[in-house]
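Enquirer: Attaching a single structure in structure tokens format; questions to follow.
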Amino acid sequence: NPIYLDRMLAGLKKSTISIELKLAVCRKAFTDAREVCGKSIADVLGASEVWLPDAAVEILVWLVTEHADPDHEAWQTDAGGGRTYYNGDIYTNGINTTRGRAAEAIRDLIWRDAAYVPRFRDALDRMVRDPSTCVRSCVAGTLGAVAHHEASLALALFGRMDANDERLFATVYVYEFIRLLLCDHFDEVR
């Protein structure tokens, strides 16, 4: 049952066991149950303080660009009683999806080490064009991490971000991205 792998991964996130064992469990879960375990795999890989091998980076790239979750915008879906899921909060919906959670894992890795930026460069181009608004709200956090190291690249990616729903600009990471870069990069942000 894949839920056992998922729960094992949840326990490994903060475990002090070797990174090799964590990576082995991530590879097993990715091979056998990536549809069920994607969020937990991303959590474990994103929490790694150790430089990730290419195979682990490729897993994160697949999770953030290819995974089917989400297949709809739950924050816009009627939950009954005049309410929507996640109380209509775009970002909360995003962090509860596999692609959103993988974007946050990539954010954490890039924040800790600028050398991850080129490793995720192609994925970043795809992430800003994700079809889901809730995922793009998480991707904005990843762009904030990129901006911490390379503001011009982050601004270029932000300029290509699909912003067809203006409510995206009210989400926490988009707001923070704009606020932090506005002073030194007013013309580009405008």
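The values are calculated or read from the model by the stated rules, or taken from the named source; none is laboratory data. Note that the coordinates shown come from a computational prediction; the quantities given were computed from them, not determined experimentally. Cβ atoms come from the backbone with ideal geometry, glycine included; neighbour counts cover every protein chain shown. The protein model used for the area step is the full one, side chains on, heavy atoms only, and it has no ligands, DNA or RNA in it. Shrake-Rupley method; radii C 1.70, N 1.55, O 1.52, S 1.80 Å.
Enquirer: Quick check: is even one residue across region 77-84 touching a helix residue (DSSP H, G or I) at 6+ places or on another chain (Cβ under 9 Å), free of Cβ contacts under 8 Å to residues at least 40 places away in the same chain and among the polar types (S, T, N, Q)? Don't jump to the end; show me each part of the working.
Expert: Narrowing region 77-84 to residues touching a helix residue (DSSP H, G or I) at 6+ places or on another chain (Cβ under 9 Å): 77-79, 84.
Going one step further and asking which of them are free of Cβ contacts under 8 Å to residues at least 40 places away in the same chain, we end up with 77-79, 84.
Going one step further and asking which of them are among the polar types (S, T, N, Q), we end up with 77, 84.
Checked region 77-84: at least one residue is touching a helix residue (DSSP H, G or I) at 6+ places or on another chain (Cβ under 9 Å), free of Cβ contacts under 8 Å to residues at least 40 places away in the same chain and among the polar types (S, T, N, Q).
Enquirer: For region 1-40, which positions are in contact with a Pro (Cβ under 7 Å, 6 or more places away or on another chain) and of a type in the set (Phe, Trp, Tyr)?
Expert: none
Enquirer: With respect to Asp69, determine if the residue is outside any helix (DSSP H, G or I), open to solvent by less than 70 Å² (accessible area, probe 1.4 Å), more than 23 Å from Gly38 (Cα to Cα) and of a type in the set (D, E, K, R).
Expert: So Asp69 does not fit the description; no.
Enquirer: While we're looking at this one, here's another question. Return yes when Pro118 is in a helix (DSSP H, G or I), closer than 28 Å to Phe30 by Cβ and either open to solvent by less than 70 Å² (accessible area, probe 1.4 Å) or not aromatic (Phe, Trp, Tyr) (or both) and no when it is not.
Expert: Yes; evaluated as a whole, the condition is true for this residue.
Enquirer: Here are Ala74, Ala114: which of them is touching a strand residue (DSSP E or B) at 6+ places or on another chain (Cβ under 9 Å) and in contact (Cβ under 8 Å) with a residue 24 or more places away in the chain?
Expert: On the way: Ala114 fails: touching a strand residue (DSSP E or B) at 6+ places or on another chain (Cβ under 9 Å).
Within the list Ala74, Ala114, the selection yields Ala74.
Enquirer: Could you check how many residues of region 48-66 are out of contact with any Ser or Thr (no Cβ under 8 Å at 6 or more places or on another chain) and assigned to a helix (DSSP H, G or I)?
Expert: Restricting attention to region 48-66, the residues satisfying the condition of being out of contact with any Ser or Thr (no Cβ under 8 Å at 6 or more places or on another chain) are 48-55, 57-62, 64-66.
After this cut, where a residue has to be assigned to a helix (DSSP H, G or I) as well, the list is 54-55, 57-62, 64-65.
Residues meeting the conditions: 10.
Enquirer: So, of the residues in region 18-51 that are among the acidic types (Asp, Glu) and within 19 Å of Leu109 (Cα to Cα), which turns out to be surrounded by the fewest Cβ atoms within 10 Å (Cβ to Cβ)?
Expert: The extreme case among them is Glu49.
Enquirer: Being among the polar types (S, T, N, Q) and surrounded by fewer than 23 Cβ atoms within 10 Å (Cβ to Cβ) is the filter; apply it to region 134-170 and report the residue that is farthest from Ile95 (Cα to Cα).
Expert: Ser152
Enquirer: Spot the failing condition for Pro131; the list is (1) open to solvent by less than 40 Å² (accessible area, probe 1.4 Å); (2) not in a helix (DSSP H, G or I), and only one is missed.
Expert: For Pro131, the exception is condition (1).
Enquirer: Could you check, for region 4-17, whether at least one of its residues is polar (S, T, N, Q) and within 17 Å of the chain's Cα centre (by Cα)? Before you say what the answer is, go through the steps one by one.
Expert: Taking region 4-17 and keeping what is polar (S, T, N, Q), we get 15-16.
Remaining after also requiring within 17 Å of the chain's Cα centre (by Cα): none.
Checked against the condition, which is being polar (S, T, N, Q) and within 17 Å of the chain's Cα centre (by Cα), region 4-17 yields no hits at all.
Enquirer: Given the criterion more than 23 Å from Met8 (Cα to Cα), out of contact with any strand residue (DSSP E or B) (no Cβ under 9 Å at 6 or more places or on another chain) and part of a helix (DSSP H, G or I), identify the matching residue among Leu124, Leu45.
Expert: Leu124
Enquirer: It is to be established whether one or more residues within region 86-106 are assigned to a helix (DSSP H, G or I), among the acidic types (Asp, Glu) and under 11 Å from the mean Cα position of the chain (by Cα).
Expert: Yes, region 86-106 has at least one match.
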